[in-house]
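Down below is the structure, laid out as structure tokens.
Quick note: the coordinates plus some simple rules give every number you see, no bench work behind them. These figures come from a predicted structure and were not determined experimentally. Here the Cβ positions follow ideal geometry from the backbone for every residue, glycine too, while neighbour counts run over all protein chains shown.
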Amino acid sequence: GLAAPAVPGAAAPGVPLCPGRIRHFKV
Amino acid sequence: ARSHPLLPLRDPDCDDPDVELAAMEITQHVNSQLQSGYKYRLNQIDKVRVYPRRPAGEVYVMEVDMLETTCHVMDKTPLENCTVRQLAEHAVEGDCEASVLKMDGQYKVLNVKCESNPDSAEDVRKVCPQCSLLAPLNDTRVVHAVEASLAAFISQNQSTFYKLLEVSRAQISPIQPSVYVEFVIAPTDCGPKGADDPSSCHPLTDQYGFCKGTVTKKDGGEDVAVSCTISVPLVPAPQPDEAVPTPAAAEPDVAIAAGPDVA
């Protein structure tokens, strides 16, 4: 009866993943 | 009659393959419009929203981040072979807003607006306290460094009369009194000594020299080190019936250096 622990950083279904991946580095 | 604003079709993931294709189209378009400075590469897709388009197609309204590369816009090096400027070189970021039409599987940029900004001095200092920071191109120390570097290059390459086309980048060291510059030159149709009126000398088509110079103050004088990569236009491939051998179709660029103690 234990609920699964929340996964940090996991997006809820249907939520768009933005911003996208960083290809080089963040300025 | 008032038109109703179009409702968005969807908000796709920023790393969606279609969104990435649209971002690549934006990157190519931006680089094709640049007439000075350096090419940019895509770094991150910040936002995207897709709208329907009448009578057909979809419009991707996007925000993307780009980073300045080491390839000048007149350099024929393919973008995928251009490395982005690292933080220690004082990186420059481009923020772009764009609309891209997707229709029949093809992407076309409808409009784009970009703004470029150098990284903050504080950010550069964090990763590299002694790194040189970008300097205004009209700074007197920069102008002098370009003139001294060009003079040093010409003194060792007197077969052609070169013209300065553009000062592209400059950095001034915070610790030692040295100035680093990048500039573009072009060989002209004038002889080695030029003409009485240099303005009558015309740059040769599609030939450029991408130069890097460093001027360092030293004991009342200065050291000048300069190197230029001269781009050679592609030579047409030899025809099968040609009897005389011709050079290879793609000649490599020629790197010419002068210094470090030439002046």
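Against the list (1) over 20 Å from B:V112 (Cα atoms); (2) assigned to a helix (DSSP H, G or I); (3) of a type outside the set (K, R), the condition B:P55 fails is (2).
Of the residues in the stretch B:2-14, not one is buried (at least 22 other Cβ atoms within 10 Å of the Cβ), in contact with a helix residue (DSSP H, G or I) (Cβ under 6 Å, 6 or more places away or on another chain) and farther than 21 Å from B:S116 by Cα. The selection criterion, being within 13 Å of another protein chain (Cβ to nearest Cβ) and surrounded by fewer than 19 Cβ atoms within 10 Å (Cβ to Cβ), does not hold for B:S99. Kindly evaluate B:A88 against the criterion of being within 14 Å of another protein chain (Cβ to nearest Cβ), of a type outside the set (D, E) and surrounded by fewer than 15 Cβ atoms within 10 Å (Cβ to Cβ). Yes; evaluated as a whole, the condition is true for this residue. Of the candidates B:E97, B:E80, the single residue that is in contact with a strand residue (DSSP E or B) (Cβ under 9 Å, 6 or more places away or on another chain), among the charged types (D, E, K, R) and assigned to a strand (DSSP E or B) is B:E97. Residue check: is B:L137 on the phi < 0 side of the Ramachandran plot, free of Cβ contacts under 8 Å to residues at least 24 places away in the same chain and within 25 Å of the chain's Cα centre (by Cα)? So B:L137 fails the test. Evaluation of B:L79 against the conditions (1) touching a Leu at 6+ places or on another chain (Cβ under 6 Å); (2) within 14 Å of chain A (Cβ to nearest Cβ) shows that the sole unmet condition is (1).
Restricted to the stretch B:23-61, and to residues there that are at the interface with chain A (Cβ under 10 Å from one of its Cβ atoms) and touching a helix residue (DSSP H, G or I) at 6+ places or on another chain (Cβ under 7 Å), the residue that is surrounded by the fewest Cβ atoms within 10 Å (Cβ to Cβ) is B:R41.
Taking every residue in the stretch B:26-43 that is in a strand (DSSP E or B) and pairing it with any residue that is surrounded by 20 or more Cβ atoms within 10 Å (Cβ to Cβ) and of a type in the set (S, T, Y), at least 6 positions away or on another chain, the pairs with Cβ-Cβ distances below 6 Å are B:Y38/B:T69; B:K39/B:T69; B:R41/B:T69; B:L42/B:T27. Residues in the stretch B:100-125 that are under 19 Å from A:P19 (Cβ atoms) and part of a strand (DSSP E or B): B:V100, B:V112, B:K113, B:C114, B:E115, B:S116, B:N117.
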